[in-house]
Amino acid sequence: MLSPAEIESRLERILLKVQKPGRYVGGELNAVVKDWATIETKVALIFPDIYDIGVSNLGLKILYDQVNQRRDALAERAYAPWVDMEDLLRANDIPLYSLETYHPLAAFDILGFSLPYETLYTNALNILDLAGIPVRAEERNDTHPLIIAGGHACFNPEPMHAFVDAFVIGEGEEVIHDILNTVKRLKSLQVGKLESQPVNLTTPRQARGRLFQPSNRDALLRALAQIPGVYVPVFYATHYRDDGTISDMETLVEGIANPVLKRMAARLPPPPTKFIVPNIEAVHNRVSVEIMRGCTRGCRFCQAGMITRPVRERSVDEVVAAAEAAVQTTGFEDLALLSLSSSDYTHIMALVAAIKELFKDRNMIVSLPSLRIESVSVELMEKLKERRSSGFTLAPEAATERMRRIINKFIPDEQILETAREIYRRGWMTIKLYFMIGHPSETLEDVAAIAKLCKAVLAEGRKTLGGRAKVHAGVSTFVPKPHTPFQWVACDTLEQITAKQDLLRRELRDKNIKLSWTPPEDTLLEAWLSRGDRRMAEVIYSAWKNGVKFDAWQEQRRYGTWLAAFAEHGLDPAFYTHRPRRVDEVFAWDHISDAVRKKYLFEDFRRSLEGEIRIDCRQQCYACGILPRFAQMRRENPGDYWKCPEVLAKNKKVTSNQ
């Protein structure tokens with residue numbers, strides 16, 4: 001294994017040959033460098049995309065802060081090298097390394113991958129290979145780091161089960177410490193001290209002579225599987241029916257959870273404030289403060305809104321203090337107040353007033369993403385002096401009231417136009433409208449309505465701004481994600497998606513309307529990976545072996561290679577994408593619980609078929625399942641920090657605090 005000094009020496013010979021060498025050198029302001037020799041447990045946090053994107057990821061920043069607060073642990077970072085750097089790393093026998101100290105990733109105790117979306121999967125495999133670590137979990141031994149992964153994509157971990165030792169399901173702020181403590185406790189034990197006999201698998205269907213041998217690694221995996229919210233896939237087996245659907249997920253050892261319930265922080269810990277200041281221009285060079293977590297809107301297509309329940313809000317004072325501290329330690333001039341639905345933050349007006357007062361003498365740009373379509377959102381942005389040159393974003397998602405009822409994001413047409421009028425009147429020249437095509441029950445008339453609504457919004461702008469008014473329509477394609485009410489429906493086919501996009505291109509030819517869309521192949525890839533079962537792991541592996549990586553990048557797209565990988569393993573891609581699910585079907589992710597009941601999701605799906613909406617659950621609790629699963633946690637955290645009803649006492653009926 002190369003030493004940090006040897007890696008640095010070899011890097012000096014290649015860095016000037018690549019684009020943006022600053023991606024690969026570290027040394028940024030606020031990076032944390034600890035004494036490697038004196039720290040017991042060493043973690044490399046990895047975002048499997050390029051530095052320019054990964055350095056801005058808030059989840060990684062939170063974990064970096066949490067780990068480095070400990071005296072007995074350190075966290076360093078690594079990102080996916082772009083193709084030019086990868087070629088030179090391989091040609092010069094340089095293993096992938098951490099930016100803080102240039103230690104090879106193979107020297108760490110834990111590699112923690114952030115997987116917020118599925119198109120990072122092949123990059124994760126590539127990073128393991130660049131680090132000289134076996135890609136398959138079954139080929140790793142006591143000499144290799146523990147490979148863990150977390151993030152929203154891990155709510156269906158099965159497509160990556162063959163490559164990851166343990167998945168974190170849910171929020172990481174607390175469980176990362178449980179994992180560190182477990183690794184610290186077990187890493188120094190000798191094999192003979194663990195147990196004298198191999199551990200038999202508990203069930204006859206999978207036993208067949210297989211044994212988990214008494215090694216440090218096996219003991220560590222068993223200990224990790226005891227931690228709430230940690231899923232260790234080697235201890236589970238999937239069984240299939242003759243038609244290829246799943247019959248059940250079997251637990252192979254005693255004493256571990258099935259289903260695995262997500263981890264959740266009852267109260268959000270203090271937000272990080274010493275953000276790393278990138279060496280180069282990043283996607284977001286800004287301070288990001290999460291003002292609340294979760295969403296009560298219940299949009300049926302939105303996985304994030306389901307898996308992050310319940311809503312928990314930080315106080316105005318905590319947000320303001322964090323913003324002030326982070327701006328002071330970074331020098332950033334942009335501040336983003338983040339949440340899934342910022343307008344729903346209870347004290348939004350007070351927060352905006354406090355932020356405005358705090359930065360009144362500074363040239364700060366403050367943004368509030370994810371605002372509702374209503375006039376108060378415009379007022380908020382004006383108070384924060386949002387850059388009008390950047391445009392004002394609205395996300396109706398569908399262009400007809402019928403479709404907005406189906407997806408449970410109902411907004412009357414007139415409200416959209418009224419909000420657009422207000423935006424243009426206050427000086428914004430561009431309105432960005434986000435839509436999705438491919439919704440359940442969608443017709444070509446619904447798609448054509450997207451063009452009609454864009455033209456109507458532009459007409460409102462021309463009344464005020466004349467020819468300066470512009471509309472930017474961003475049209476993505478719906479993927480029915482796990483743990484949502486739409487998980488029972490099929491995706492559009494390639495031909496259907498193409499026909500809908502062609503319709504929009506024909507209808508939106510006004511020079512003041514810009515149209516952008518998601519390539520149909522990208523949509524199908526996302527659907528395969530997000531809805532796949534364990535058999536998808538072999539498809540992912542074959543695609544990667546044949547050169548697939550950076551799937552989210554248009555210039556790296558290799559759709560044909562993916563199709564060839566399916567064919568190699570005798571799998572039909574349409575099985576995962578174009579097949580409506582049976583009512584009683586066992587999904588590949590049913591053993592992973594976000595605490596929202598499957599029955600509740602199906603009831604909501606049926607409501608969608610009738611065009612029936614659910615109002616914001618702050619106004620009415622629909623018994624989604626969160627409170628029964630986290631009743632004790634709610635009792636221990638009374639009041640309005642959670643936007644769920646109170647649970648007054650054990651074994652008593654849940655009552656509302658509204």
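The values are calculated or read from the model by the stated rules, or taken from the named source; none is laboratory data. Please read these numbers as outputs of a predicted model, since none were measured by experiment. Neighbour counts run over all protein chains shown; Cβ positions are idealised from the backbone, glycine included. Each accessible area value is taken on the protein alone, full model and side chains, heavy atoms only, with ligands, DNA and RNA left out. Shrake-Rupley method; radii C 1.70, N 1.55, O 1.52, S 1.80 Å.
Descriptive notes on the structure:
- Taking θ as phi - 60° and the Karplus parameters 6.51, -1.76 and 1.60, the scalar couplings of region 17-24 work out to 9, 10, 5, 6, x, x, 5, 10 Hz in sequence order, x denoting glycine and proline.
- Convex hull volume per residue, computed on the Cα atoms of the chain, equals 168 Å³.
- Residues of region 1-43: accessible area per residue with a 1.4 Å probe, Å²: 58 Å²
- Ranking 36, 540, 461 by Cα position along the charge dipole of the chain, where only Lys, Arg, Asp and Glu carry charges on their C-beta atoms, puts 461 farthest toward the positive end.
- Residue-normalised accessible area of region 113-163, given per residue in Å² at a 1.4 Å probe: 25 Å²
- With an a/c value of 1.5 or above and a/b larger than b/c for the gyration tensor axes a ≥ b ≥ c computed over the alpha-carbon atoms, region 463-540 is described as prolate.
- Distance between the C-alpha centres of region 144-170 and region 429-506: 34 Å, rounded to the whole angstrom.
- Portion, in percent, of the accessible area of region 318-394 that falls on carbon or sulfur, probe 1.4 Å: 49 percent
- Taking the Cα centre of the chain as reference, the dipole from Cβ charges on Lys and Arg (+1) and Asp and Glu (-1) amounts to some 1320 debye.
- For the chain, 154, 295, 454, 491, 617, 621, 624, 644 stand unpaired, since no other cysteine beta carbon lies under 4.7 Å from theirs.
- Dividing the convex hull volume of the alpha carbon atoms of region 424-583 by its residue count gives 136 Å³ per residue.
- What a 1.4 Å probe finds exposed on region 71-125 is 50% carbon and sulfur by accessible area, rounded to a whole percent.
- Per residue, the solvent-accessible area of region 251-337 (1.4 Å probe, heavy atoms of protein chains only, all protein chains present) comes to 33 Å².
- Farthest toward positive dipole pole in the chain [+1 Lys/Arg, -1 Asp/Glu at C-beta], among 14, 630, 645: 645
- Tensor-based shape of region 37-86 (alpha-carbon gyration tensor, a/c under 1.5 rounded, otherwise prolate or oblate): oblate
- Partner lysines for residue 545 [C-alpha distance under 28 Å; skip if fewer than 8 residues away on the same chain]: 17, 20, 481
- Amide H contacts of residue 367 (H built 1.01 Å from N, under 5 Å, at least 5 apart or other chain): 335, 336, 337
- Cleavage-rule hits (trypsin sites (Lys or Arg not before Pro)) in region 52-157: DSSP loop, at most 10 neighbouring Cβ within 10 angstrom: 71
- Annotation note: GluC sites (Glu not before Pro) in region 1-100 located in DSSP loop regions with a Cβ neighbour count of at most 12 within 10 Å are absent.
- Computed from phi, the 3J(HN,Hα) profile of region 443-458 under the Karplus parametrisation 6.51, -1.76, 1.60 (θ = phi - 60°) reads 10, 5, 5, 5, 5, 4, 5, 4, 4, 4, 5, 4, 5, 5, 5, 4 Hz, with x in place of Gly and Pro.
- Compactness relative to 2.2 N^0.38 Å, alpha carbon Rg of region 1-135: 0.98
- Amide H within-cut-off set for residue 432, under 5 Å, with H built and near neighbours excluded: 392, 393, 394, 472
- Mean residue ellipticity at 222 nm, helices only, the chain: -10000 deg cm²/dmol; runs of at least 4 DSSP H residues each add -39,500 (n - 2.57), and the sum is divided by the number of residues.
- For the residue pairs 455/514; 409/432; 61/356; 61/274; 500/549; 356/470, alpha carbon separations beyond 21 Å are given by 61/356; 500/549; 356/470.
- Cα gyration tensor, region 1-66 - rounded (a/c under 1.5), prolate or oblate: oblate
- Filtered trypsin sites (Lys or Arg not before Pro), region 560-622: DSSP coil and at most 10 other beta carbons within 10 Å: 582
- With θ taken as phi - 60° and the Karplus curve 6.51 cos²θ - 1.76 cosθ + 1.60 applied, the whole-hertz 3J(HN,Hα) list for region 600-613 is 4, 4, 5, 4, 5, 4, 5, 4, 4, 5, 9, x, 8, 9 Hz, x standing for glycine and proline.
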